[in-house]
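Working notes, beginning with the structure itself.
Bear in mind these aren't lab numbers, they're just calculated from the coordinates by the rules spelled out. Fair warning: this is a prediction, and the values are worked out from it, not measured in the lab. A quick note on method: Cβ atoms are made from the backbone with ideal geometry, for glycine too, and the neighbour counts reach across all protein chains shown.
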Amino acid sequence: MWETAPPDLRSPLLVAAYHGWFDVGGAATGALEWLSERSESQQIAHIDGEEFFNFAEQRPSVSLRDGRREISWPRNDIHVLRPLDGEHDLVLVVGAEPQLRWQTYAEAIVELAARSQTTALVTVGAHLADVPHTRPFEVTGSTSDSAQAEAWGLSSPSYEGPTGVVGVLHERFEKLGIPAVSLRVAVPHYVSSSPNPKGSRALLERFERVTGLATGWAELDEAAADWEERVNNAMNFDDDVVAYVRRLEARADARAKRSVPSGEDLGAEFERLLRQQGNPDWGGPGGGEAGRGAGGHTPPPEPPLPPPTKTARVRLLAVGSRDVWAQPAFAALQHETRPESGRYRNSPSCDKRRCRIEGRRG
């Protein structure tokens, strides 16, 4: 439902994130909410949930205002963001992933792209992985569009298996000849609760590096450090948990040493940087990203580490096709690492523009 006519936009990117399966810790939706709230954005439309949500699963909420009940229904809000610098405006789609009629929903997003003259689709997500919370979170970027992959320093998609509405959108846009890009951050499987500002920070940093658009990701440094400290304090009560995280750290450090970029990779990154800055000698606008390993290839996945060895274990969650086992202390982390307020206060100006990385169940 359109609330106003789309304004004239500069080579707009349609950027989408959805609560749910592909938003562990609220990292993806939190990143776009941060981006929207730290800048002046304009809501131009929303997608009503009546057709696309099962309200028994995605329930509306009730509030009291002046003693009278008000129902807030699930929906996807659409905002336009017009950065002062950069070559692209942004059309942001944020909300819950629809449960019903995905093909019809995809057509609604295609209509939005057509009316706003979108030049590319960018989806951001967060998934569970065997990674430690104490190391930088890795963000993987991919696209099937070879020109976009070259310009932004991305790999080709390799995932096959069950998908969500994001996969449906990518297929639809690719058939229309519109580049579709996926950026996804790996977050620790043992701390999957919301919020996760470190995951949001990683996504915003990568988005800025590939698009050249300022995201203010460094303003989340304090919130990310506070989150990491809370996780440390929660896990230090259990030696078995500490030992498990140390093993994850050792493997992450070894992987980082193997993926040091070559001279060729550094040269390619420098060329992309020049294109991003608009240097006419390097073929116009673009963006780039280093650190995908020699030759820009993504290394194959590693086998999972052995889980903690205590007898009192519970199944916490599953990652991909394998079960990840943990002890009750891991489950306790999900509760103990949440801020009391349920939302981060990220910067001195948070009273004016809060980062709405709110507590949600991924």
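Each residue of segment 14-28 in turn: what ³J(HN,Hα) in whole Hz from Karplus with 6.51, -1.76, 1.60 and θ = phi - 60°, glycine and Pro shown as x?
Values, residue by residue: 8, 10, 10, 8, 10, 4, x, 4, 9, 9, 4, x, x, 5, 6 Hz.
Using R₀ = 22 Å, calculate the FRET efficiency as 1/(1 + (r/R₀)^6) where r is the Cβ-Cβ separation of TRP21 and ALA56; round to 0.05.
So the FRET efficiency works out to roughly 0.80.
May I ask you to order 76-83, 59-66, 228-235, 91-98 by the average number of other C-beta atoms within 10 Å around their residues, highest value first?
Highest mean packing first, the order is 91-98, 76-83, 228-235, 59-66.
Classify segment 1-152 as rounded, prolate or oblate from the Cα gyration tensor: take a ≥ b ≥ c as the square roots of its eigenvalues, call it rounded if a/c is under 1.5, otherwise prolate when a/b beats b/c and oblate if not.
It is oblate, given that a/c is not under 1.5 and a/b is not larger than b/c.
Quick query: amide H of LEU154 versus all other amide H atoms, modeled in the peptide plane; which residues come in under 5 Å with a sequence gap of 5 or more or a different chain?
none
Share of antiparallel DSSP beta bridges in segment 1-101, in percent to the nearest 5?
Antiparallel bridges: around 75 percent, rounded to the nearest 5.
Run the simple label-point estimate for ALA243 and MET1 please: 7 Å along Cα→C-beta, distance reported in nm.
The two pseudo-label positions are separated by 5.8 nm.
Restricting the calculation to Cα positions, tell me the Rg (one decimal) and the Dmax (whole number) of segment 61-116 in Å.
Values for segment 61-116 (Cα only, Rg and Dmax): 16.0, 48 Å.
Sequence-distant or interchain residues sharing an amide H contact under 5 Å with ALA45, placed H: which?
GLU3, ILE78
Using each residue's phi in segment 120-127, evaluate 6.51 cos²θ - 1.76 cosθ + 1.60 at θ = phi - 60° and report the 3J(HN,Hα) Karplus result to the nearest Hz, with x for Gly and Pro.
The phi angles translate into 6, 9, 10, 9, 10, x, 9, 10 Hz.
Which peptide among 209-215, 2-8 comes first, and what is the full order, when sorted by highest mean count of other Cβ atoms within 10 Å?
Highest mean packing first, the order is 209-215, 2-8.
Expressed in whole Å with the largest first, what are the equivalent ellipsoid semi-axes of segment 111-189 derived from the C-alpha gyration tensor as the square root of 5 times each eigenvalue?
25, 14, 12
Enumerate the calculated ³J(HN,Hα) couplings along segment 138-150 in order (Karplus 6.51 cos²θ - 1.76 cosθ + 1.60, θ = phi - 60°), each rounded to whole Hz, writing x wherever the residue is Gly or Pro.
Using θ = phi - 60°, the values come out as 7, 10, 9, x, 8, 7, 8, 8, 5, 5, 5, 4, 5 Hz.
Let me check I have the definition right: for segment 208-255, take the eigenvalues of the Cα gyration tensor, multiply each by 5, take square roots. What are those semi-axes in whole Å, largest first?
The equivalent ellipsoid of segment 208-255 has semi-axes of 29, 17, 5 Å.
What does the extension gain come out to for LEU176 and SER156, with contour length at 0.36 nm per residue minus their alpha carbon separation?
My answer for the length gained is 5.4 nm.
Around ARG75, which amide H atoms from residues at least 5 apart in sequence, or from another chain, sit under 5 Å from its own amide H, with H modelled in the peptide plane?
ALA96
Compute the distance in nm between two label points, each set 7 Å from the Cα along the Cα-to-Cβ direction, one at GLU222 and one at ASP253.
3.1 nm
Would you mind getting me the FRET efficiency between ARG68 and GLU40? Use the beta-carbon distance for r and R0 = 41 Å, nearest 0.05.
0.80
Between GLU107 and ASP85, what is 0.36 nm times their sequence separation minus the Cα-Cα distance? Round to one decimal in nm.
Net length gain for the segment: 4.8 nm.
What whole number of Å gives the distance from the Cα centroid of segment 146-182 to the Cα centroid of segment 1-53?
19 Å
So, by mean Cβ neighbours within 10 angstrom, what's the order for 244-255, 153-164, 176-187 with the highest one leading?
176-187, 244-255, 153-164
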